[in-house]
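Remarks on the structure that follows.
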Amino acid sequence: MALQAIAFYLLATVTVGAALLVVSAKNPVHSVLFLITAFFSAAGLFVLLGAEFLAMLLIVVYVGAVAVLFLFVVMMLDVDFAALRQGFAQYLPIGALIAGVLTIEMIMVAVSVATKGAASKNATPQTFTDAVSNTETIGRVLYTDYVYFFQASGLVLLVAMIGAIVLTLRHKPGVKRQDIAAQVARNEKTGMRIVQIKSGSALDQEGLSE
Amino acid sequence: MNLSSALSLALPEVILAISALILVVWGAFQGRSNPIFSGAAVVVLLAAAAVAAMGPHGVAFNGAYVADGVAAFAKVAIYIASALAIPLGDKWLGARGDAKFEFPVLIVLTALGMGVMASAGDLISLYVGVELHSLALYVLAAFRRDDAKGSEAGLKYFVLGALSSGLLLYGASLIYGFAGSTKFTDIAAVVSNGAETGVLFGLVFLICGLAFKVSAAPFHMWTPDVYEGAPTPVVGFFAAAPKLAAMVLLARVLQEAFGGAEAQWRQILVIVALLSIFVGAFAGLAQKNLKRLWAYSSIANIGYAVLGLAAGGEAGMQSMLMFLILYMVDVTGFFACLSALNRGGKPMETIEDMAGLVKERPGLALAITAFSLSALGLPPLSGFWAKFYVFKAAIGTGDVVMQTAAVLGLVGSVVAAFYYLRLIKTMWFDGSVGATDKPEPGARLIAFAMALFAFPVVLIALAWIDPIAKTAAAAFGG
């Protein structure tokens, strides 16, 4: 148990610290790298909870795909972050005010939890038994109890895909594309031409290109 | 409940989802938009509306999907408004060389998302529905990607929408954490005697997120920019169906899940409603661009809908539904007029462009006049009845705060009257600034149909819609 506690506090500290650095780092590439650190330590927290499948998903999807994509975007786009930060001082007072209000509210929530306990009357997370693994538990409900959410989420992804295509795909005329069927269908008649050259005359461009 | 009976309850959404998939493949093979394709999308939406109207009522998917009178009522309106957006948008985009087959597909998918929202009985379906419809709306806002303002509108909407989704999710996670369930019925059991601090905190965030989606102040700042930049028929769509869907969703959260905390959320809603009414009324005074003007008008009008919802109970719910249905007619009609009007191939979007319109296009000028007077709330046009329901519900609560809010709402409505009347004055009494192009017949037809509904059809229709909304509202909530 002590080992678990040590691991929890270690991972939690790293997660919060890395998350803070994500928003405070000057260099956006560093931000993304700290984000990856935060994802990794959050995955560790999931393992501690016994949710090893979610932990692996977090690493595969968020670290492997999302964060790397962020990195690509940050490196490829020429974003002037100094210009983006302009007006920071101007909006600081109202931002600080909202942050202050939120902090006070969060403290109030924390105090109410500490004194009165959470309001939940039926906190029954999916129970684990040794017979059924964590992954199997998810598998059992994902396509049965949660099939509606699962399908609807699929449609959200479809919309995202259609949107990306609508907004970025351009059919430019005059672009030379590889046409494999045309390449394969080429034979000596279409691919070769015999040109009679008069003796003594040079090969001129017109004669070759028609 | 087995899958087939669950699917039969969710039949409107199933129809839309399968049709959207078929339309995508069909469109991809065809490569471009054509009237048959768009017509098919319209037929699908109308079929879904018919199924929603006649389908069975019940709860499916472990409470994630609720088919009841309110959902059916909202869905019929949403699907019909979506169906109207397709021919309007296709023609408008086609005239600018931007017609694409994805447009009807995206409208169908938005309608699907709105259907999920209207039927949500769980925080997860709430979020999925909101995301499904807003993602499609972001793309629709930026549909003319070579138009700088359109792209700006899409980007702004997307970034601020993502922020609001973050607020929504944060609130949802807090509610889940403190209530121990994402199901509205379970949450209702937890908050039956008023919400504890933690749940309340989550609820505030949830209201903020949804207030953003309906462009209620103080989460309205994206609205004028997005409305100005987005394609005109798309704006007409934005201002109508998604508002109804998000308001029904908000009503579901507040009355089904947080019915026990009514005294707590009512004060939030009253503040949001009054802020929206006054921001919409006063900021609208300074607007020159008609799309921005109607953006502020929509902010003010959503304030009245929120006020109706704040009244709570059956009367409040009925007033919110009636208000939004009648408002949807106005706003769809107005933007249909705006889509129909061009001068020299350029859209007429400022108040000056409308000068002397009555000499050029008397029919459309009359229609715009009708919509403006209706949005202003002049009897006997539809907008008057809309506000009548809201004020009646607010006064009927017997709560002093609600009654004061109703009086203040009336004051806001008087302030807003200025900009509607200025538009009418410009159209009727100023000198013409040149001939307009021939209006697009489809848009003109829709505009005239809506104008006829605003007056006099509304008087007959009210006798028919009123009891439907009443029974739907009576069966709603815990």
If you plug each phi of region B:260-266 into the Karplus form 6.51 cos²θ - 1.76 cosθ + 1.60 with θ = phi - 60°, what whole-Hz ³J(HN,Hα) values come out, in order, with x for Gly and Pro? x, 10, 4, 4, 7, 7, 4
Members of region A:142-165 that become less accessible by 30 Å² or more once partner protein chains are added (1.4 angstrom probe, chain alone as reference): A:D145, A:V147, A:Y148, A:F149, A:A152, A:L155, A:V156, A:L158, A:V159, A:I162
Expressed to one decimal in nm², the mean projection of the alpha carbon convex hull of region B:257-341 is 6.1 nm²
Could you tell me the distance between the Cα centroids of region B:305-324 and region B:150-222, to the nearest Å? 20 Å
So which residue, out of A:K198, A:K172, A:K189, gets the largest mean-square fluctuation from a GNM of chain A using Cα contacts under 10 Å as springs? A:K198
Considering all projection directions equally, how large on average is the shadow of the alpha-carbon convex hull of chain A, in square nanometres? 25.7 nm²
Rounded to the nearest 500, what is chain A's calculated 222 nm mean residue ellipticity when only DSSP H runs of at least 4 contribute -39500 (n - 2.57) each, over all residues? -21000 deg cm²/dmol
How long are the three semi-axes of the equivalent ellipsoid for region B:208-327, computed from the Cα gyration tensor as the root of 5 times each eigenvalue, in whole Å, largest first? 25, 14, 11
Roll a 1.4 Å probe over the protein chains and send me the accessible area per residue for the protein assembly as shown in Å². 46 Å²
Counting sequence-distant residues (5 or more places) and residues on other chains, those with an amide H built under 5 Å from that of B:T350 are B:L290
Greater than 32 Å apart at Cα, pairs in A:K176/B:K100; B:K100/B:K243; B:K183/B:K243; B:K149/B:K387: B:K149/B:K387
Give me the log10 of I(q) over I(0) for region A:9-67 at q = 0.20, 0.29, 0.31 Å⁻¹, as the Debye formula computes it from C-alpha points; what are the numbers? -0.68, -1.10, -1.16
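Quick one: if you take sqrt(5λ) for each eigenvalue of the C-alpha gyration tensor of chain B, what semi-axes come out, biggest first, whole angstrom?
Taking √(5λ) for each Cα gyration eigenvalue gives 33, 27, 20 Å.
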In sequence order, calculated HN-Hα J values of region B:27-44 (Karplus, 6.51, -1.76, 1.60; Hz; x Gly/Pro): x, 5, 6, 6, x, 8, 7, 8, x, 5, 4, 4, x, 4, 5, 4, 4, 4
Could you compute the FRET efficiency for A:I6 and B:L155, with r as their C-beta to C-beta distance and R0 at 51 Å, rounded to 0.05? 0.65
From the P(r) of region A:1-99, could you give the percentage of C-alpha pairs in the tail past 21 Å? 47 percent
Surface/4 of the Cα convex hull for the protein assembly as shown, nm²: 40.7 nm²
Calculate the spin-label point distance for A:A19 paired with A:R85, positioning each point 7 Å from the Cα along the beta-carbon direction, and give it in nanometres. 2.3 nm
Residue-averaged [θ]222 nm for chain B, counting only DSSP H segments that reach four residues, each worth -39500 (n - 2.57): -25000 deg cm²/dmol
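Taking each pair of different alpha-carbon atoms in region B:353-478 once, compute 1/r for the pair, average those values, and report the inverse of that mean as the Kirkwood hydrodynamic radius in Å to one decimal.
Working: mean 1/r = 0.0599 Å⁻¹.
Mean inverse Cα-Cα distance, inverted, gives 16.7 Å.
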With all protein chains present, how much of the accessible area of the protein assembly as shown (probe radius 1.4 Å) comes from carbon and sulfur, to the nearest whole percent? 70 percent
Binned at 10 Å starting from 0, the alpha-carbon pair-distance distribution of region B:309-389 in whole percents comes out as 18, 40, 25, 13, 4, 0
Where the centre of each part is set by its Cα atoms, how far does region B:108-123 sit from region A:18-63, in angstrom? 32 Å
In the P(r) worked out for region B:260-418, what percent of Cα pairs fall beyond 26 Å? 29 percent
Total accessible area buried between chains A and B, 1.4 Å probe, in Å² to the nearest 100? 3100 Å²
Could you pull out every one of the aspartates and glutamates with an alpha carbon less than 12 Å from that of B:K425, ignoring same-chain neighbours closer than 8 positions? B:E352
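Between B:A50 and B:S8, what is 0.36 nm times their sequence separation minus the Cα-Cα distance? Round to one decimal in nm.
Numbers: separation 42, 0.36 × 42 = 15.12 nm, distance 1.37 nm.
That pair, B:A50 and B:S8, stretches by 13.7 nm at full extension.
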Region B:10-74 to region B:394-445: how many Å between their Cα centroids? 33 Å
Restricting attention to the alpha-carbon atoms of region B:123-264, what are Rg (one decimal) and Dmax (integer), both in Å? 16.1, 54
Mind checking which lysines have their C-alpha under 29 Å from A:K198, skipping anything on the same chain fewer than 8 residues away? A:K189
I need the semi-axes of the equivalent ellipsoid of region A:128-171: take the C-alpha gyration tensor, multiply each eigenvalue by 5, square-root it, list largest first in whole angstrom. 36, 11, 5
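Given R₀ = 60 Å, FRET efficiency for B:S173-A:S199 by Cβ-Cβ distance, to 0.05?
Approximately 0.10, to the nearest 0.05.
The values are calculated or read from the model by the stated rules, or taken from the named source; none is laboratory data. Owing to the predicted nature of the structure, the values given are computational and were not obtained by experimental measurement. Cβ atoms come from the backbone with ideal geometry, glycine included; neighbour counts cover every protein chain shown. Accessible surface is based on the protein model in full, side chains and every heavy atom, while ligands, DNA and RNA are left aside. Shrake-Rupley method; radii C 1.70, N 1.55, O 1.52, S 1.80 Å.
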